[in-house]
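Please treat every number below as a calculation from the coordinates, not as lab data. Computed from a predicted structure; not experimentally measured. Ideal geometry is used to build each Cβ from the backbone, glycine not excepted, and the neighbour counts take in all protein chains shown.
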Amino acid sequence: MTGGAAALALLASLGYGTGSVMSRSAVRYYTAASVALWVQTVGLVALALAAGITQPTPSIAAVVWGTSAGALAACGVFAFYTALQNGPISLVAPVAASGVVVPVACGLLVGEQVSGAAYVGLVIIAIGVMIVARSHAGPTVGVNSTGGGFETLVTPPGRSQVTAVHDNCKRFAFAYPHRAAVVLAGTSAAAFGVFHIVLRQAAAAAHSVPESAGVDSTLPYPVDAAVLVALSVQTGSLLFTLASASRHTLRCVTPTRRLITYAVTIGLLDVGGDVMLAYAIAVGPIALVGPLGSLDPIIAVILASVFFGEPLTPKRAIGLAACVAGIALVAV
């Protein structure tokens with residue numbers, strides 16, 4: 001099932017990366033808080049409906065692990081954007097992108113069976129992601145007509161959702177901003193790296209039901225278990241976003257038809273990514289699924305070049321080529 005897990009992880013990255021580009025467009029017209037809250041609300045509703053249809057077997061452990069994973073992912077996004085408010089992209093992005101190596105290290109520690117060529121490919125992919133992250137230049141955070149949001153959105157690998165910061169919020173005041181930026185970027189990397197490990201625990205718990213429930217553990221991993229995990233992850237993300245949003249951001253979240261259109265599109269892309277990643281990490285090695293499910297910055301760079309006319313600089317081209325070569329080695 002390794003090949004299927006790799007394919008699902010890549011599809012999850014495609015969904016996250018496309019959602020990232022859509023978020024970039026949305027925050028040009030609306031505050032980051034309004035986009036974040038409505039996207040995550042739409043995702044939660046969609047997954048709740050999916051859970052009502054698939055009716056997954058209840059699992060407290062899966063819900064706890066999944067909610068924790070969602071909170072970790074939201075924490076990673078929050079730390080990343082706060083780091084960008086205090087330091088340059090050339091410093092923040094590569095540090096944050098280094099989180100893609102955490103699942104690989106975890107896989108090595110637990111003795112997962114992954115071929116030597118695949119490990120080489122994963123290392124090349126990690127290098128490619130960090131090269132692309134470092135390729136961004138110039139100011140990242142800007143103020144638009146809404147009084148907030150991000151003029152140019154650079155996302156950390158792992159999740160495409162924006163977070164409710166930098167729209168009429170009072171910025172954190174650090175005595176040493178660049179030092180704080182490095183710490184925050186490292187926090188983001190750790191959060192996204194550990195996210196995959198916690199997500200793996202949630203996926204395992206979702207299918208770990210008593211024999212009396214009549215579930216045969218030898219059967220393929222059930223889709224309803226992946227839906228339960230994705231729903232828990234979305235709940236954790238939304239709870240963290242609500243907790244991090246101040247009264248300054250909440251006053252800007254009144255929805256419009258256009259905002260809801262953005263939210264539905266981005267939310268469904270993220271939901272699809274969450275379900276596919278939850279399924280992939282349940283059936284495949286975390287050392288493989290983690291990095292392949294964190295390629296959304298690569299997807300975002302490609303789509304931004306096509307739809308936003310952003311230049312494909314030599315450094316970005318090298319990073320993209322490294323990722324393609326790494327994926328080819330993984331697929332061998």
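Which order do the peptides 317-330, 292-305 take when ranked by the mean count of other beta-carbon atoms within 10 Å per residue, highest first?
Working: 317-330: 19.0, 292-305: 24.8.
Going from most to least packed, we get 292-305, 317-330.
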Table column - 3J(HN,Hα) (Hz), region 57-72, Karplus curve with 6.51, -1.76, 1.60, x for Gly and Pro
5, x, 8, 4, 4, 5, 5, 5, 4, x, 4, 5, 5, x, 5, 4
Using the Karplus curve 6.51 cos²θ - 1.76 cosθ + 1.60 with θ = phi - 60°, what ³J(HN,Hα) values do you get for each residue of region 292-300, in whole Hz, with x for Gly and Pro?
5, x, 10, 8, 4, x, 5, 4, 4
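Taking 0.36 nm per intervening residue step and subtracting the Cα-Cα distance, what contour gain separates ILE260 from ALA175 on full extension? Before the final figure, lay out each step's value.
Numbers: separation 85, 0.36 × 85 = 30.60 nm, distance 3.93 nm.
That works out to 26.7 nm of additional length.
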Per residue of region 122-132, in order, report the coupling 6.51 cos²θ - 1.76 cosθ + 1.60 (Karplus, θ = phi - 60°) as ³J(HN,Hα) in whole Hz, putting x for Gly and Pro.
5, 5, 5, 4, 4, 5, x, 4, 5, 5, 5
Between the modelled labels at LEU312 and VAL110 (7 Å from Cα along Cα→Cβ) the distance in nm is 3.6 nm
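Give me the extension gain from ALA325 to ARG28: residue separation times 0.36 nm, minus the current Cα-Cα distance, reported in nm with one decimal. Walk me through the intermediate numbers first.
On the way: separation 297, 0.36 × 297 = 106.92 nm, distance 3.41 nm.
That works out to 103.5 nm of additional length.
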A student applying the Cα gyration tensor rule (rounded when a/c is under 1.5; otherwise prolate if a/b is larger than b/c, oblate if not) would label region 7-138 oblate
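Within 10 Å, count the other beta carbons around each residue, average over each peptide in 71-84, 119-132, 178-191, and list them highest first. Intermediate values should be presented prior to the final figure.
Numbers: 71-84: 26.1, 119-132: 22.7, 178-191: 20.6.
Order by mean packing, descending: 71-84, 119-132, 178-191.
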